[in-house]
Amino acid sequence: MSTARTVNHRSVISEEVAPWSDIRQLLRGGEAGMLIPVIIPRHRRKLWWMLPMWLGLFGVLTGVMLAVQDSDGVSADAYAALAVLACVFGAFLLLAGGLWWWRSSIVEIEQGTTGVLAHYGAIASTLEPGRHYLWHPWSRVDFVVDTSTEIPYSAPVMACPTRESVPLRAIEFFLKFRITDAVLFVRTIGAGNFDLVLSSVVQDAIRQRGRQVRTERAYDLRGSDVADMQELLNRQLSRYGVRITGCNIPDVQLPAQYQQHLATRERVAKERTAYEQEWGLTRKRRTDSLQMDIERAKKVRDARIVEVKAALNKAREEVAQLLEEQETNAQRVRFEIETRGRSGLISAENEARAQRSLAQAYRDNRAVLQYELARRRLEVGAVLAGKAPQPVVISTDGAGGDTSALSTLLTAQLLPRLALPSVPGVPRAERAPDGEM
């Protein structure tokens with residue numbers, strides 16, 4: 001789509017009636033700078049092809065009628081010749097009419113466009129890009145709509161007031177739109193009416209946006225985010241089968257008096273900028289001086305840090321050496337202690353084994369002694385049992401017996417002196433004479 005012709009920098013959308021050969025140029029290049037998204041084809045389809053068709057049919061029927069005539073002689077040959085001539089002429093006319101009909105039914109839709117097909121003036125369907133054949137005599141393409149190109153549109157808004165009601169000289173608004181539904185577009189609004197509607201909608205949206213900004217911030221509208229405006233325009237134009245694909249505000253023009261005020265502010269701002277630059281240079285010199293002092297102090301500090309690190313490393317080496325010596329001494333002492341401990345442990349283990357052997361021997365000797373003692377006891381018991389004294393029965397009863405107390409006392413004194421069996425280790429008792437009994 002070419003750059004639109006601007007009237008006060010405003011784009012104009014229109015539709016044109018053109019032959020099929022000019023559709024490509026008008027859709028891609030416009031006419032006198034106008035935006036032409038819709039072309040009404042100037043049809044070449046006439047019904048003149050029906051004349052040779054009817055004449056050919058008439059000739060064929062005439063030939064058939066002449067051929068069926070019942071005649072003899074020369075008249076039969078004449079009728080046959082006329083029948084052949086009529087049939088040939090009729091067939092030629094039918095062929096010419098058919099070719100004419102076939103050629104006039106061809107319709108080629110340009111790539112990126114959509115054809116709107118109508119039957120008897122009513123919209124029937126759409127035609128995709130490519131070649132189509134319209135065999136029906138009263139079918140025709142009423143509109144060719146550009147449905148793939150994003151059409152640029154520029155709509156300046158004059159005297160747009162700001163929040164303080166200061167009228168801006170102009171706000172340039174640029175957008176791109178694309179026709180998404182060709183039938184809805186041509187049936188609902190058309191290109192000429194759409195130009196008025198789009199201009200009105202854009203101006204309303206721009207004025208609403210202008211009312212939201214202050215005059216001193218008017219230049220902020222240039223290149224600002226207009227996604228909300230695009231969404232608003234899409235909601236309003238979707239009923240016409242049109243979608244806004246992008247928009248922005250490329251330029252804002254302020255009133256002359258306000259521009260002078262802004263020029264003054266810019267001059268003051270430049271002076272302020274120059275002063276800030278001068279002060280920045282002074283501050284930079286001071287900063288550089290302080291930076292040099294800081295660098296020198298850093299170098300001194302680094303030198304001292306190196307010295308401290310060297311002393312620290314030396315101290316660490318000495319401490320490491322002392323620790324190594326202490327660790328060596330500790331290991332030596334530990335080894336001595338471990339050696340003495342092992343020796344004591346070995347002697348203790350040997351002594352414990354000796355004690356265990358002695359205890360075992362003692363237990364064995366004790367068992368032997370107990371056995372010997374028990375055997376001796378048995379032997380002594382046997383000896384004692386074999387040599388036990390015989391009881392002496394002294395009868396004091398009967399006639400003439402002495403039962404006095406004196407005789408009993410004497411008997412008791414003499415009884416221990418009676419001869420008893422001797423016990424090993426016990427002195428043998430002396431026997432009393434029998435007369436002393």
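Numbers for the structure displayed
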quantity: Sequence-distant aspartates and glutamates (8 or more away, or on other chains) whose Cα lies within less than 20 Å of Lys270; calculated: Glu216, Asp220, Glu278
quantity: Coarse-grained scattering of region 254-381 at q = 0.12, 0.14, 0.20, 0.22 Å⁻¹, given as base-10 log I(q)/I(0) from a Debye sum over alpha-carbon atoms; calculated: -0.88, -0.95, -1.13, -1.18
quantity: Estimated inter-spin distance, Leu384 and Ile305, nm [label 7 Å along Cα→Cβ]; calculated: 10.8
quantity: Aspartates and glutamates with Cα under 20 Å of Lys299, excluding same-chain neighbours fewer than 8 positions away; calculated: Asp288, Glu307
quantity: Accessible-area order (highest first, 1.4 angstrom probe) of the listed residues Lys298, Lys314; calculated: Lys314, Lys298
quantity: Sequence of Ile249, Ile337 when ordered by accessible area, the most exposed leading, probe 1.4 angstrom; calculated: Ile337, Ile249
quantity: Square roots of five times the Cα gyration tensor eigenvalues for region 174-235, Å; calculated: 28, 12, 9
quantity: Dipole of region 307-372, positive end: most advanced residue of Asn329, Leu358, Gln370 [Cβ charges, Cα centre]; calculated: Gln370
quantity: Residue-level accessible surface for Asp228, protein heavy atoms, 1.4 Å, Å²; calculated: 80
quantity: Global form of region 221-321, assessed from the alpha-carbon gyration tensor, a/c cut-off 1.5; calculated: oblate
quantity: Cβ-derived FRET efficiency at R0 25 Å, His119 paired with Asn193, nearest 0.05; calculated: 0.50
quantity: Computed accessible area, Glu351, all protein chains, 1.4 angstrom probe, square angstrom; calculated: 120
quantity: 5 angstrom amide H check on Thr147, placed H, neighbours 5+ away; calculated: Thr113, Thr114
quantity: Net lengthening on full extension, Ala67/Arg353 (0.36 nm per residue, minus Cα-Cα); calculated: 87.4 nm
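The values are calculated or read from the model by the stated rules, or taken from the named source; none is laboratory data. What you see is a predicted model, and the numbers here were worked out from it, not measured in a lab. Neighbour counts are summed over all protein chains in view; Cβ atoms, including those assigned to glycine, are modelled from backbone coordinates with ideal geometry. Protein only, heavy atoms only, side chains kept; ligands, DNA and RNA dropped before computing areas. Shrake-Rupley method; radii C 1.70, N 1.55, O 1.52, S 1.80 Å.
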